[in-house]
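The values are calculated or read from the model by the stated rules, or taken from the named source; none is laboratory data. What you are looking at is a predicted structure, and each value in this text was computed from that prediction instead of being measured. In this analysis, Cβ positions are derived from the backbone assuming ideal geometry, glycine residues included, and neighbour counts consider all displayed protein chains. Ligands, DNA and RNA are excluded from the accessible area calculation, which covers all protein heavy atoms including side chains. Shrake-Rupley method; radii C 1.70, N 1.55, O 1.52, S 1.80 Å.
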Amino acid sequence: MPVEADVPELLVDMGGEEEASELTKAVGDLCLMAFYFLLRIGEYTVKGSRKKNKQTVQFRMCDVTFFERTEKDVLRQLPKSASNEQIMAAAAVTLRLQNQKNGWKNVCMSQHDNGLGDKSPTVAIAKRYIHIRQHTKNDKELLSTYFVKGKRKDVKDSDIRAALKLAATALDYEGTRGIPTGKIDTHSLRVGGANALSLNGYSVEHIQKMGRWRSNTFLEYIRESLSEFSEGMSKAMSKTFGFVSLEAGVAKDVTSVIVDTEYNVAVSAGAA
């Protein structure tokens, strides 16, 4: 079942607490990235056991490119040697997938800064990028990597799963949205991001392209600039609609919540 931006945003807040562990920080940033880029879990985490024929290659440091906006309002690529300040202030970021589940290679996706500080996908990726390069010069290092006292560790799919359930419970998704915690899993960020785009009026073509779904595969190879294609997308996706799942409502009666909620709250079927 889908989650909205409030779930990864809560995890980012948890990572921003003074006593937060490096794992908590990494999980929050990666969840926000996954939501805005409609990522599959295998694209940004390490799994305990992976099939040898698995095609998806996780994002690496060399797959990340940051952009600044010039005085003429044009995006300009930042060099790999850009300062931490420049990277944190980036106007846009691009992720390149070396390979993925459906067999497509070297597919690029981009998102622009949505003006929400730590809740922006550009800032979330910037924090991961800066943290990693402070500990290693290996440009093939995975974005799921984090370091504790100099020791390398990986964010696993189980870490993401546990964090999502924790955040959804804290936000009372079951009581207010009719979505049981058991229905929330690693796919919820990808589905939630697609749902956010749909609720904000983005076309099927836009969503298919951003999510890299197999149907209408020709859309994946349209050579228009993804930078222009995604202009304003992350800012729109950050809007919370407070949707209620009609499907999951069968498992949890939310009638009283709906009745007591103002009429203009959006109701979504929460399609997976």
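Pull up the range 169-179, narrow it to residues that are in contact with a Leu (Cβ under 9 Å, 6 or more places away or on another chain) and assigned to a helix (DSSP H, G or I), then point me to the one that is least open to solvent (accessible area, probe 1.4 Å). First the steps, then the outcome.
Start the filter on the range 169-179 by keeping residues that are in contact with a Leu (Cβ under 9 Å, 6 or more places away or on another chain), which leaves 170-171, 177-178.
Add one more test, that the residue is assigned to a helix (DSSP H, G or I), and what stays is 170, 177.
Numbers: Ala170: 76, Arg177: 23 Å².
Filtering the range 169-179 for residues that are in contact with a Leu (Cβ under 9 Å, 6 or more places away or on another chain) and assigned to a helix (DSSP H, G or I), the one least open to solvent (accessible area, probe 1.4 Å) comes out as Arg177.
For Glu68, the conditions (1) closer than 17 Å to Ile132 by Cα; (2) at pLDDT 95 or above are fulfilled apart from (1). Which of (1) of a type outside the set (S, T, N, Q); (2) in a helix (DSSP H, G or I); (3) out of contact with any Gly (no Cβ under 8 Å at 6 or more places or on another chain); (4) open to solvent by less than 50 Å² (accessible area, probe 1.4 Å) does Gly182 not meet, given it meets every other one? So the condition that Gly182 fails would be (4).
Number of residues in the range 1-22 that are open to solvent by less than 50 Å² (accessible area, probe 1.4 Å), out of contact with any Phe, Trp or Tyr (no Cβ under 6 Å at 6 or more places or on another chain) and in a helix (DSSP H, G or I): the value is 7.
Taking the options Ala194, Ala162, name whichever one is free of Cβ contacts under 8 Å to residues at least 24 places away in the same chain, part of a helix (DSSP H, G or I) and either open to solvent by less than 10 Å² (accessible area, probe 1.4 Å) or aliphatic (A, V, I, L, M) (or both). Let's see the steps before the verdict.
On the way: Ala194 fails: free of Cβ contacts under 8 Å to residues at least 24 places away in the same chain.
The conditions single out Ala162.
Scanning the range 206-246 for residues that are modelled with pLDDT under 80, assigned to a helix (DSSP H, G or I) and of a type in the set (D, E, K, R) yields Glu220, Glu228. Within the range 110-124, is even one residue in contact (Cβ under 8 Å) with a residue 40 or more places away in the chain, basic (Lys, Arg) and in a helix (DSSP H, G or I)? Yes, the conditions are met somewhere in the range 110-124.
Suppose the filter is under 22 Å from Gly42 (Cα atoms), modelled with pLDDT under 90 and part of a helix (DSSP H, G or I); does Val107 pass it?
On the way: under 22 Å from Gly42 (Cα atoms): yes; modelled with pLDDT under 90: yes; part of a helix (DSSP H, G or I): no.
Criteria not met by Val107.
Applying the condition of being closer than 15 Å to Asp113 by Cβ and acidic (Asp, Glu) to the range 57-90 and asking which residue is most open to solvent (accessible area, probe 1.4 Å) yields Glu85.
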